[in-house]
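Input: a single structure, listed below in structure tokens.
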Amino acid sequence: MVFVALILSIAGMAAIATWAYRNVAPGTDRLPMQWSASGTVNWRAPRLVAIGATPVLMLTLIGLIFVFSRHDHAERDMALLWISFIGPALQAMHMALVARTVENEE
């Protein structure tokens, strides 16, 4: 069950990344990556890096979870289940913030 949720999560993140690459500010080379507390953009990354950062981070976390919890399957499964829900939500939130920021700048 956990592995099905994990596979669906990875597929969902790939779908979000594909959609965002095509639809979120298509004419912009660099996208926002971090905002200050006042809402101004602190720094920007190249388009592919900005869109692919969250999926790469989540895949790295999944790998680390497998390595460090290989002896405790219940702990591993719980961590993977949390990651499978948090990953796509974080990516969707980041892309929504990027889209809003770029739209407000135009």
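Each of Val56 and Thr40 was given a label point 7 Å from its Cα along the Cα-to-Cβ line. The distance between the two points is 2.8 nm.
Dipole orientation for the chain: of the candidates Met78, Ala17, Ala96, Ala17 has the Cα lying most toward the positive pole (charges on Cβ; Lys, Arg +1; Asp, Glu -1).
Its Cα gyration tensor gives the chain an equivalent ellipsoid; the semi-axes, largest first and in whole Å, are 30, 14, 11.
Restricting the trypsin sites (Lys or Arg not before Pro) of region 52-106 to loop positions (DSSP other than H, G, I, E, B) with no more than 16 neighbouring Cβ atoms within 10 Å leaves Arg70. For the chain, the longest principal axis of the Cα atoms and the long axis of helix 73-105 meet at an angle of about 0 degrees. Per residue, region 1-61 exposes an accessible area of 62 Å² to a 1.4 Å probe, with every protein chain left in place. Surface composition of the chain: carbon plus sulfur atoms hold 69% of the accessible area, using a 1.4 angstrom probe and ignoring ligands, DNA and RNA.
Taking the longest Cα principal axis of the chain as reference, the axis of helix 2-23 is set at about 10 degrees. For a distance above 12 Å, tell me the whole-number percent of Cα pairs in region 59-106 that qualify. Across region 59-106, Cα pairs with separations above 12 Å total 67 percent. Modelled spin-label separation between Trp19 and Phe66, with each label point placed 7 Å from Cα along the Cα-to-Cβ direction: 2.7 nm. Which FRET efficiency, nearest 0.05, do Leu48 and Met78 yield, Cβ-Cβ r, R0 41 Å? Computed FRET efficiency for Leu48 and Met78 comes out at 0.80. Applying the Karplus relation 6.51 cos²θ - 1.76 cosθ + 1.60 with θ = phi - 60° to region 33-42 yields 3J(HN,Hα) values of 10, 8, 10, 7, 5, 7, x, 7, 6, 7 Hz, where x marks Gly and Pro.
Under the definition of Cα pairs under 8 Å and six or more residues apart, what whole-number percent is the relative contact order of the chain? This gives 37 percent for the chain. Using the alpha-carbon atoms, what tilt in degrees (0 to 90, nearest 10) does helix 47-68 show relative to the longest principal axis of the chain? So the helix axis and the longest Cα principal axis differ by about 20 degrees.
The values are calculated or read from the model by the stated rules, or taken from the named source; none is laboratory data. If you're wondering where the values come from, they're calculated on a predicted model, not measured in any experiment. Here Cβ is always computed from backbone atoms with ideal geometry, including for glycine, and neighbour counts include all displayed protein chains. Keep in mind that these areas ignore ligands, DNA and RNA; they rest on the heavy atoms of the full protein, side chains included. Shrake-Rupley method; radii C 1.70, N 1.55, O 1.52, S 1.80 Å.
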